[in-house]
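The values are calculated or read from the model by the stated rules, or taken from the named source; none is laboratory data. Bear in mind that the values here come from a model prediction, so they are computed numbers and not experimental data. Note that we place each Cβ from the backbone using ideal geometry, even for glycine, and neighbour counts take in every protein chain shown.
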Amino acid sequence: MLEYVGDKYEYKNWSDVPEPGWFGEKQNLGLEFPNLPYLIDGNTKLTQSYAILKYLGRKHKLDATDEKGRQELDQLEGVLGDLRVRWGMFCYMAADFEADKKKLHDESFTPVLKQLDQHLADKTYLVGDKLTWLDFAFFELFDVANKLFDGHLLDQFANLKKFHQTVANLKGVKEFLASGKQFEKINGPQAKWGG
Ligand SMILES: N[C@@H](CCC(=O)N[C@@H](CS)C(=O)NCC(=O)O)C(=O)O
């Protein structure tokens, strides 16, 4: 989202910081609820992914503009949250990697992707034709999950594929994706996948 709006930022990769690293420093950053990710923007100090995304959405006018849009945004935020919980459980707790991966695909992603594909049948973005912070949040999950599923996650879903391509081609995003500067570590070091 920051690449799209052209807001300058410094990305801090805590896995590069020597011991005691994040756990040694997390109480010293002035964060009320220390966690990763966090955002420091002047006097604004935030943790919790959705709080950060919504703050940036409001700041950069990537937010719903009417009641109907806000309802859709809130509803889809819940859909994404549910999917992320299942995704996170797999990434951190997969016991039988291949069996759990198939379960994640068939039972968690597929039914939701079907609904989202239908939702996008007559829309460019998730909330009507207005780009919002939520488009970036879904894009990011699809993008990393696609790595787990060898680039085939969206194969059956033409509208989602188009949506994914549209976001990938946004100014700033396109350049960022081509730059090779994408963040390598998706999860903490204790994760079974992506850490
Ligand atoms: N609900 C939080 C979850 C944050 C979280 O679980 N962060 C993990 C990485 S994915 C972590 O390692 N946190 C560092 C910590 O607990 O100190 C969010 O959405 O930001």
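Thr124 passes all but one of (1) within 30 Å of Lys12 (Cα to Cα); (2) away from the ligand (no atom under 15 Å from the Cβ); which number fails?
Only one criterion is unmet by Thr124, namely (1).
Tally the residues that are free of Cβ contacts under 8 Å to residues at least 40 places away in the same chain, under 19 Å from the mean Cα position of the chain (by Cα) and under 24 Å from Leu170 (Cβ atoms), restricting the search to the stretch 9-45.
4
Could you go through the stretch 13-20 and let me know if any residue there is at pLDDT 95 or above and within 21 Å of Gly188 (Cβ to Cβ).
no
Inspect all residues belonging to the stretch 97-105 and state whether any of them is basic (Lys, Arg) and within 15 Å of the ligand (Cβ to nearest atom).
No, the stretch 97-105 contains no residue that is basic (Lys, Arg) and within 15 Å of the ligand (Cβ to nearest atom).
Considering only helices (runs of 4 or more DSSP H) fully contained in the stretch 15-98, which possess at least 2 residues that are within 27 Å of Tyr125 (Cα to Cα)?
Hits in the stretch 15-98: 49-59, 67-93.
I'm trying to understand the selection: among the residues of the stretch 47-79, which are within 14 Å of the ligand (Cβ to nearest atom), within 25 Å of Lys12 (Cα to Cα) and touching a residue at least 12 places away in the same chain (Cβ under 8 Å)?
Passing the criteria: Thr47, Gln48, Ser49, Tyr50, Ile52, Leu53, Lys54, Tyr55, Leu56.
Please enumerate the residues belonging to the stretch 154-178 that are polar (S, T, N, Q), in a loop (DSSP other than H, G, I, E, B) and closer than 17 Å to Ala121 by Cβ.
If the condition is that a residue be polar (S, T, N, Q), in a loop (DSSP other than H, G, I, E, B) and closer than 17 Å to Ala121 by Cβ, then Gln156 is the only one that fits.
Within the stretch 70-94, which residues are farther than 24 Å from Lys185 by Cα and surrounded by fewer than 16 Cβ atoms within 10 Å (Cβ to Cβ)?
The answer is Arg70, Gln71, Asp74, Gln75, Gly78.
Could you grab the pairs with beta carbons closer than 9 Å, sequence gap of 6+ or different chains, first residue in the stretch 94-114 and without any contact (Cβ under 8 Å) to a residue 24 or more places away in the chain and more than 14 Å from Arg84 (Cα to Cα), second one surrounded by 10 or more Cβ atoms within 10 Å (Cβ to Cβ) and among the small types (Gly, Ala, Ser)?
Asp100/Ala94
Take the stretch 142-195 and flag every residue that is within 16 Å of the ligand (Cβ to nearest atom), under 21 Å from Pro37 (Cα atoms), more than 14 Å from the chain's Cα centre (by Cα) and aliphatic (A, V, I, L, M).
Ala191 - this is the single residue of the stretch 142-195 that is within 16 Å of the ligand (Cβ to nearest atom), under 21 Å from Pro37 (Cα atoms), more than 14 Å from the chain's Cα centre (by Cα) and aliphatic (A, V, I, L, M).
Which condition number in (1) under 19 Å from Ala64 (Cα atoms); (2) assigned to a loop (DSSP other than H, G, I, E, B) is the one that Leu134 fails?
Against the list (1) under 19 Å from Ala64 (Cα atoms); (2) assigned to a loop (DSSP other than H, G, I, E, B), Leu134 comes up short only on (2).
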